[in-house]
Amino acid sequence: MKDMLFSKYIAKNYMGNSLSDRELRVLKQGNIDELVATFVKMKNERYVQQLQCVLKNLRRYMGDCIVLNKISVSEDYKGDFLGCQVMDGDMDVFFAIEGDQQALLDIASGYAQEEFDTFNEDAYDSVCEMINCINGAFAVQLSNDDVEVALHPPVFYGDIQMNSDKGFYLVNMEVHGKPFNIVMAIDESVDIVGNASA
Amino acid sequence: MDICTGANEKKGMVVAMEKILIVDDSKTSRKFLKNMLTESGYEVVAEAVDGVDGVEKYKEVHPDIVTMDITMPHLDGIDAVSEIMRVDPNAKIIMVTAAGQKSNVVEALKRGAVDFIQKPFEKEVIAEVIKKVMEEE
């Protein structure tokens, strides 16, 4: 395998299973689109497309320090800090990054290419800008499929609780060994209670 | 005396760098853009944090070019374009937006913006757009 992005996820979810020749080839090649399409089962192809876009962009902005752990569907979640953005139009898309201060400081520092040692407005801004760029890239992909969406400004919350009747994807990852979550929902409402910071 | 504008300083020539005003509510975006513009040889003369601030700074510094974010508090980039064009119909405003926001860009172009660049920023693309805009003078 070329890098660590998928190694933990594969080890957890495919341990004991024999991999086909094709799966082994995909693992060896390390193409993120192929890895997601081959090893991740999601509700529909849009989520697969969104996750491919998210992981490629995280790799682009954060480098090799990110690791995929676990993907689950949840109807409620309590967390520390959350930067999120909504896109609406032909499709409603919710995307967020949630984690504790240490993980989000690493993400903010990685994206802004400067070391943040306190979780201040500049760090929020960096996380929100990265979210904006990731969603922008997904909006382009949707537009290529004739699905037009508009981006709303990213918002940052502290001490959050999320709820959704139909559930949202919680993609657990690590940055420099520190856990954080990607939250994704398409055409499913997510309610957030928390302290809006930006 | 020969005057060389823009990024390429030539020996024996007076260099008149284009003056640029950056309007963006994101400090991270302003920093990225300023670094790339400076590295490309342009002079960032002022930064503004929203549309209202952008219009005020435009009146103060009379930049050659404005880079204007679209989604901002108080006065968004599209309305700020209208305000600046009212002040100076010859203003050269380049819109800055996240990828995938065609309708906003089209509206800004209708109001008088001359071009657009998309986030995430790429230095070569930014330099090319600014050069093109200046050559259209």
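When A:GLY63 is tested against (1) in contact with a helix residue (DSSP H, G or I) (Cβ under 8 Å, 6 or more places away or on another chain); (2) on the phi > 0 side of the Ramachandran plot; (3) open to solvent by 60 Å² or more (accessible area, probe 1.4 Å), only condition (3) is not met. The conditions of being within 12 Å of chain A (Cβ to nearest Cβ), over 19 Å from B:GLU135 (Cβ atoms) and assigned to a strand (DSSP E or B) are not met by B:THR28.
On the basis of being of a type in the set (S, T, N, Q), crowded, with 20+ Cβ neighbours inside 10 Å, touching a strand residue (DSSP E or B) at 6+ places or on another chain (Cβ under 9 Å) and closer than 13 Å to B:LYS19 by Cα, does B:THR71 make the cut?
On the way: of a type in the set (S, T, N, Q): yes; crowded, with 20+ Cβ neighbours inside 10 Å: yes; touching a strand residue (DSSP E or B) at 6+ places or on another chain (Cβ under 9 Å): yes; closer than 13 Å to B:LYS19 by Cα: no.
So B:THR71 fails the test.
Could you check the range B:45-82 and list, in sequence order, the residues that are hydrophobic (A, V, I, L, M, F, W, C) and more than 25 Å from A:TYR61 (Cα to Cα)? Selection gives B:VAL45, B:ALA46, B:ALA48, B:VAL52, B:VAL55, B:VAL61, B:ILE65, B:VAL66, B:LEU75, B:ILE78, B:ALA80, B:VAL81.
Filtered by the rule that a residue be away from chain A (no Cβ under 14 Å) and in a helix (DSSP H, G or I), the range B:114-124 gives a lone residue, B:GLU124.
Taken over the range B:80-132, the criterion of being surrounded by fewer than 16 Cβ atoms within 10 Å (Cβ to Cβ), touching a Phe, Trp or Tyr at 6+ places or on another chain (Cβ under 8 Å) and among the small types (Gly, Ala, Ser) is satisfied by no residue.
Look at (1) touching a residue at least 24 places away in the same chain (Cβ under 8 Å); (2) in a helix (DSSP H, G or I); (3) surrounded by 14 or more Cβ atoms within 10 Å (Cβ to Cβ) and you find that A:ASN69 fails only one, number (2).
Condition test on B:VAL45, is it under 15 Å from the mean Cα position of the chain (by Cα) and either surrounded by fewer than 19 Cβ atoms within 10 Å (Cβ to Cβ) or closer than 18 Å to A:ALA150 by Cβ (or both)? It is true that B:VAL45 is under 15 Å from the mean Cα position of the chain (by Cα) and either surrounded by fewer than 19 Cβ atoms within 10 Å (Cβ to Cβ) or closer than 18 Å to A:ALA150 by Cβ (or both). Counted as qualifying within the range A:95-198 are the strands (runs of 3 or more DSSP E) with 2 or more residues that are more than 25 Å from B:SER103 (Cα to Cα) and open to solvent by 10 Å² or more (accessible area, probe 1.4 Å), namely A:155-175, A:178-186, A:191-196.
Does A:GLU188 satisfy the criteria of being in contact with a Leu (Cβ under 9 Å, 6 or more places away or on another chain), closer than 15 Å to A:ARG46 by Cα and touching a residue at least 24 places away in the same chain (Cβ under 8 Å)? So A:GLU188 does not fit the description; no.
Selection of the range A:124-141 for residues being in contact with a helix residue (DSSP H, G or I) (Cβ under 8 Å, 6 or more places away or on another chain), at the interface with chain B (Cβ under 7 Å from one of its Cβ atoms) and among the polar types (S, T, N, Q) yields only A:SER126.
The values are calculated or read from the model by the stated rules, or taken from the named source; none is laboratory data. This structure is a prediction, so every number in the text was calculated from the model and none was measured. Here the Cβ is made from the backbone with ideal geometry for all residues, glycine too, and neighbour counts use every protein chain on show. Ligands, DNA and RNA are stripped out before the accessible areas are found, and what is left, the full protein with its side chains, is counted by its heavy atoms. Shrake-Rupley method; radii C 1.70, N 1.55, O 1.52, S 1.80 Å.
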